[in-house]
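A quick write-up on the structure given underneath.
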Amino acid sequence: MDSLKNLLDDYLGKKAPALPMGVKDFLVKIAPWAVILSLIIMIPGVLAYWRLGTLMMPYAYYVGGRSALFTLSTILSAIAIIINILAIPGQFKRTASGWNFIFYGVLVSTVSSLVSGNIVGAIIGFLISMYLIFQIRSYYN
């Protein structure tokens, strides 16, 4: 995982155009609050997915393997929520572990999007998220 971090840091943290310091400061200040807001929005969605999955279970025979991918995507989304919850204290304290949890949360969310079939959205979301978190990585010690 360190090689992936180093590769992304080279391209998105060092070679990519740097954000102005004021924007970086702003992102670091609002990051924990943005995560809390996104969790408030995501949790009901995941719970709704599970309920929808339960309702659609009798029809799973007709959609074949899609129900397994739906379940996997929902489980990955729940894991991403847990990782993001774990990141909040570290983000407020600006620790390296807080940054690492956000990094892993983005990876799990990307895999969840890919599994659900949202390939273009997953790629765009991954690139934007990784660009932003690698731009502010130096703030987390």
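Quick check: anything in the stretch 125-135 in contact (Cβ under 8 Å) with a residue 60 or more places away in the chain, touching a Gly at 6+ places or on another chain (Cβ under 8 Å) and exposed (fewer than 14 other Cβ atoms within 10 Å of the Cβ)?
So far as the stretch 125-135 goes, no, none of its residues is in contact (Cβ under 8 Å) with a residue 60 or more places away in the chain, touching a Gly at 6+ places or on another chain (Cβ under 8 Å) and exposed (fewer than 14 other Cβ atoms within 10 Å of the Cβ).
Please go through the stretch 109-141 and give me each residue that is assigned to a loop (DSSP other than H, G, I, E, B) and either closer than 23 Å to Gly90 by Cα or in contact with a Cys (Cβ under 8 Å, 6 or more places away or on another chain) (or both), ordered by number.
Across the stretch 109-141, the qualifying residues are Ile136, Tyr140, Asn141.
Could you please tell me which pairs satisfy a Cβ distance under 7 Å, a separation of 6+ or placement on different chains, a first residue in the stretch 25-40 that is under 15 Å from Ser129 (Cβ atoms) and modelled with pLDDT of 95 or more, and a second residue that is of a type in the set (Ser, Thr, Tyr) and open to solvent by 50 Å² or more (accessible area, probe 1.4 Å)?
none
Find the residue count for the stretch 78-106, including only residues that are buried (at least 22 other Cβ atoms within 10 Å of the Cβ) and polar (S, T, N, Q).
Summing the residues that are buried (at least 22 other Cβ atoms within 10 Å of the Cβ) and polar (S, T, N, Q) in the stretch 78-106 gives 2.
Under 6 Å between Cβ atoms, at least 6 apart or on separate chains: pull out the pairs that start in the stretch 1-19 with a residue that is in contact (Cβ under 8 Å) with a residue 60 or more places away in the chain and within 13 Å of Phe103 (Cβ to Cβ) and end on any residue that is open to solvent by 90 Å² or more (accessible area, probe 1.4 Å) and part of a helix (DSSP H, G or I).
Going by the 6 Å Cβ cut-off, there are no qualifying pairs.
The values are calculated or read from the model by the stated rules, or taken from the named source; none is laboratory data. The structure displayed is predicted, hence computed values, not measured ones. Every residue, glycine as well, gets a Cβ built from its backbone with ideal geometry; the counts of neighbours run over all protein chains shown. We work out accessible area using only protein heavy atoms, side chains counted, and drop any ligands, DNA or RNA first. Shrake-Rupley method; radii C 1.70, N 1.55, O 1.52, S 1.80 Å.
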